[in-house]
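*Asks:* Before anything else, here's the structure in question.
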């Protein structure tokens, strides 16, 4: 095994948890005790401390503390850095699955989990099928992962954790911490939604397939399946999913690779398919896959990748088999997908569209040869009550539902299957009141700013001078980056503009710039202070400004950059960002400005959200007033 040179680090929250105190107590210790360990990393707002130094200080001052074995293992894994954390967690899973499979280690169920991926090879180990990827577009036989791996001490701690709590519980603890640390990059299906999807489509003894399985959330959901199949773009996530399944004694085969371009299960069909695909992924392979035989219901438009996933799922389910797939709400009504939605309805493949919080659930059934398609489709709004879905679906299957819409009516219109549009008329008033409450709750107040008769005359400096003085370091994103498909999340220009989490991905390579909390990231059109780096790297056409938090507030800098950029868009000369002027203020005064700028950023996000909610509110208001379920206040 290799070696890891970094010592474990902890943040203020970790220290508070270890010592059994609140975060305020940790802040007091730092202020009152000159010998409290100095930060060894992180930012001014979120410093990181050496775990060994903190332990020594706590012992010296007689503070009671308890570093659990699980915490110690996690801190050691995290010490390698965000960019390698996923790989090390997957290798810990390989170690624990190997220990569980050893005689006398308590894993009674025979498992044939295979991972056709170089990084994930250690998970499959001796049970990997060398031919698992042959002819299926997989990445070939599993090979041991390259790199330093786990050092001997850390490997021993991982095995000790498995002995203490059982391999399965130990690994779920590490996976839970990993998902928390990367919550902005790893999209994980809600547990209740995952369990619902599996219950709706699977039966006793079924084989269930997930073509976008991530870390295995849907395949791990409580259900009645005996065999599971999964494919995942990320090698690391595929390896983690395989270990989690194997430690549960589930018979599974996990393939790493691009499901659209390199179908790892071509020609195979399961009893049921569940899927939570990536939304709005434009680079899904439109050009390469124009003539693909999977497009039985029509070529998915370039901007409708979710309709490609729908047809991919139907390809992999047996006749009369069911598919449960999460979709963005707009997929039910976008004009570009109208023809495919119509073809799915005519064939009897699309059976239900259910609105859930944040997404829609589409339920599909692969038609059998000569089968007569249904005349109605279930359309249900379950955003406020998931428990309503199963009874409504069962009633539909038994032909006794009162929440259906005639397919002929949908085909005669825009094939708009938005649940809110088709809800029962007597629900319009309630839906309007709920939408109004959400709209009002999403609104944000502007900062309380004092109006001055004359602008303040303050000494100022420029960003360029701050960089020369060492208060700011500037880093430019690479002009180009390896194509999507790697394990490293990438913050893109669109993410900065839209305020979203990193949506790109790349492979590990030289020159990547890791993002930390408190970094100021700027694109040509937006500036954003990062709340959480969570392992992401800087994408092309972005600039990162890292401030010395002891002398400069990041929100203060970001606000003046935004103001200068906004003014520059109205002029004709080229904008030189280094000439951005900032007043020379104390850190306390900077933070006051920074808070005002931050409130304006929150207001901007709220306006974006209320714009979407407002459209729903207007439509419900129009419908309710027109059909008599709403009435003007007298």
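*Asks:* If you take every DSSP beta bridge fully contained in the chain, what fraction is antiparallel? Give it as a percent rounded to 5.
*Replies:* Numbers: 37 of 62 bridges.
Of the beta bridges lying entirely in the chain, close to 60 percent run antiparallel.
*Asks:* Pairs of alpha-carbon atoms within less than 8 angstrom and 6+ residues apart define the contacts here; what relative contact order does the chain have, in percent?
*Replies:* So the answer I get is 10 percent.
*Asks:* Right, another one. Given region 280-423, what percent of its DSSP beta bridges are antiparallel, to the nearest 5?
*Replies:* Roughly 80 percent of the beta bridges in region 280-423 run antiparallel, per DSSP.
*Asks:* Starting from the Cα-Cα distance between residue 188 and residue 35, subtract it from 0.36 nm times their residue separation and give me the gain in nm to one decimal.
*Replies:* Taking 0.36 nm per residue and subtracting the Cα distance, the gain is 50.9 nm.
*Asks:* Hey, another quick one. Quick check on the chain: helices-only [θ] at 222 nm, where DSSP H runs of length 4 and up contribute -39,500 (n - 2.57) each and the sum goes over total residues. Nearest 500, please.
*Replies:* -11500 deg cm²/dmol
*Asks:* Another question, if that's okay. How high is the relative contact order of region 460-584, in percent, with contacts defined as C-alpha pairs under 8 Å that are six or more residues apart? List each step's numbers first, then the result.
*Replies:* Details: 241 pairs, mean separation 39.2, N = 125.
The value is 31 percent.
*Asks:* Rounded to the nearest 5, what is the percent of antiparallel bridges among the DSSP beta bridges in region 340-495?
*Replies:* 70 percent
*Asks:* Can I ask one more? Name the shape class, rounded, prolate or oblate, that the alpha-carbon gyration tensor gives for region 9-67, where a ≥ b ≥ c are the square roots of its eigenvalues, rounded holds for a/c under 1.5, and otherwise prolate holds if a/b is larger than b/c and oblate otherwise.
*Replies:* Verdict is rounded for region 9-67.
*Asks:* Spin-label point model (7 Å from Cα, Cβ direction): what's the residue 290 to residue 587 distance in nm?
*Replies:* About 5.9 nm separates the two model spin labels.
*Asks:* At what distance in angstrom do the alpha carbon centres of region 370-421 and region 521-561 lie from each other?
*Replies:* 46 Å
*Asks:* Moving on. Exposure proxy check: 607, 340 ranked by fewest other beta carbons within 10 Å?
*Replies:* Going from sparsest to densest Cβ surroundings: 607, 340.
*Asks:* Specify the inter-centroid distance of region 430-500 and region 239-267, based on alpha-carbon positions, in whole Å.
*Replies:* The two parts, judged by their Cα centres, are 38 Å apart.
*Asks:* Also: Which whole-number percent is the relative contact order of region 327-452 (Cα, under 8 Å, 6+ apart)?
*Replies:* Relative CO of region 327-452 lands at 25 percent.
*Asks:* Still on this structure, I have one more. For labels at residue 596 and residue 548 in the simple 7 Å Cα→Cβ model, what's the distance in nm?
*Replies:* Rounded to a tenth, the inter-label distance reads 2.6 nm.
*Asks:* Need the full-extension length gain, residue 625 to residue 474, defined as separation in residues times 0.36 nm minus the C-alpha distance. One decimal, nm.
*Replies:* 48.8 nm
Bear in mind these aren't lab numbers, they're just calculated from the coordinates by the rules spelled out. Please read these numbers as outputs of a predicted model, since none were measured by experiment. Neighbour counts are summed over all protein chains in view; Cβ atoms, including those assigned to glycine, are modelled from backbone coordinates with ideal geometry.
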